[in-house]
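One structure below.
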Amino acid sequence: MSVKEGKLTMGKVFAYIRVSTREQKEDRQLDSLRGLKVDEIIIEKASGKNFVGREKYQQMKAKLRAGDLVIVHSIDRFGRNYKQICNEWEALINMGVDIQVLDMPVLNTRDNQNGLTGRLITDIILKLLGYVAERERMNIKTRQSEGIASAKQRGVKFGRPKAEIPKDFIRAYELYKNGLIKVKDVMSMCNIAKSTFYKYAESIKS
């Protein structure tokens, strides 16, 4: 919101949709906007590696003003690198721009009713997700390296590597452990069955 002639006014609502390649479809992200009031939809086909090559995102950012809202389907639409995502999040917030992440309702700075406290909680959750994802990647690599070295010493030959737990599940599971969402929310966000939820959860615990 912004102040105009002594009254609070809502800014424009932008929806940013990104797919990594020209072959990928943006239909799922567009469908998630149904029922929402959106003033402008920005669709970009660009890698999530960094922000430099995302021309349409930069053009949208140049239009943003305090009180505006940016909607994304998921937090990784900002990019793959969580340090960059956190930096971009803070940059938008410092501009006075609100952010709404559709597949993770707790990440919504506009609808939060607790003012600065609510925004602080949102920022902490975002950083927690980034930290957990980065640590999990490091732990997986460490466990893999140690396991491979140990197995090679025992003369073990390797076949097909075991699939890693999806990043989306790791992020959602951390929210579940902190009591912010329920099992059914994790299942919906990650599009998995309950049996898969418990299988992944057991793998993380071990």
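Secondary structure note: in the stretch 2-111, about 25% of the DSSP beta bridges are antiparallel.
Simple spin-label estimate for A91 and S203 gives 3.4 nm between the two label positions (7 Å along the Cα-to-Cβ direction from each Cα). So what does the Cα-only Debye profile of the stretch 2-111 read at q = 0.13, 0.17, 0.18 Å⁻¹, as log10 I(q)/I(0), no solvent term? Relative scattering, expressed as log10 I(q)/I(0), comes to -0.46, -0.80, -0.90. The modelled label-to-label distance for the pair R65/E164, using points 7 Å beyond Cα in the direction of Cβ, is 4.3 nm.
Rounded to the nearest 0.05, the FRET efficiency derived from the C-beta distance between L33 and M138 at R0 = 35 Å is 0.50.
Proximity of backbone amide H atoms, modeled 1.01 Å from N, is registered between I41 and A15 at under 5 Å, excluding neighbours fewer than 5 places apart on the same chain. Pop the C-beta distance of V106 and T21 into the FRET formula with R0 = 22 Å and round what comes out to the nearest 0.05. Step by step, r from the Cβ atoms, then E = 0.15. Taking each of K141/K205; K61/K184; K83/K194; K12/K182; K56/K194 in turn, the alpha-carbon distance tops 28 angstrom for K61/K184; K83/K194; K12/K182; K56/K194.
Values in this text are rule-based calculations from the coordinates and carry no lab data. Just so it is clear, the structure is predicted and the values come from calculations on it, not from any experiment. Cβ: placed from backbone, ideal geometry, glycine included. Neighbour counts: every protein chain shown.
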